[in-house]
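Working notes for the structure below.
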Amino acid sequence: MFKYVLGIKGMKCSMCEAHINDVIRKELDVKKVKSNHKKNITSFISNDLIDESKIKSIIDSTGYELVSIDIN
């Protein structure tokens, strides 16, 4: 399992968090998606490595800006 922590610029409220969470759940096969607009992060768990360009494309499509990807 891989834990992803994304730095996302532009989230301002809980509705922003929900928007990001919904898009990630819809587009990727992941578990435990959680966002925090105060810390500007979104985290999730995946059984497989996900192409970083795919993650960037998904976040860019929401209007927010992906600024970092940390994989553990």
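None of the figures in this text is laboratory data; all of them are computed from the coordinates on show. Everything numeric here is computed off the predicted structure, so don't read it as measured data. Using ideal geometry, Cβ is built from the backbone for each residue, glycine included, and neighbour counts are taken over all protein chains shown.
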Please state which of the following conditions His19 fails to meet, knowing it meets all the rest: (1) assigned to a helix (DSSP H, G or I); (2) in contact with a Gly (Cβ under 8 Å, 6 or more places away or on another chain); (3) not small (Gly, Ala, Ser). (2)
Take Val67 and tell me if it is touching a residue at least 60 places away in the same chain (Cβ under 8 Å) and either of a type in the set (Lys, Arg) or surrounded by 14 or more Cβ atoms within 10 Å (Cβ to Cβ) (or both). no
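Matching residues to (1) small (Gly, Ala, Ser); (2) touching a helix residue (DSSP H, G or I) at 6+ places or on another chain (Cβ under 6 Å):
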position	(1), (2)
Met1	no, no
Val5	no, no
Gly10	yes, no
Asp22	no, no
Glu27	no, yes
Lys34	no, no
Ile45	no, no
Ile55	no, no
Ile71	no, no
Restricted to segment 39-64, and to residues that are within 12 Å of Ile8 (Cβ to Cβ) and surrounded by fewer than 14 Cβ atoms within 10 Å (Cβ to Cβ), which residue is nearest to the chain's Cα centre (by Cα)? Asp60
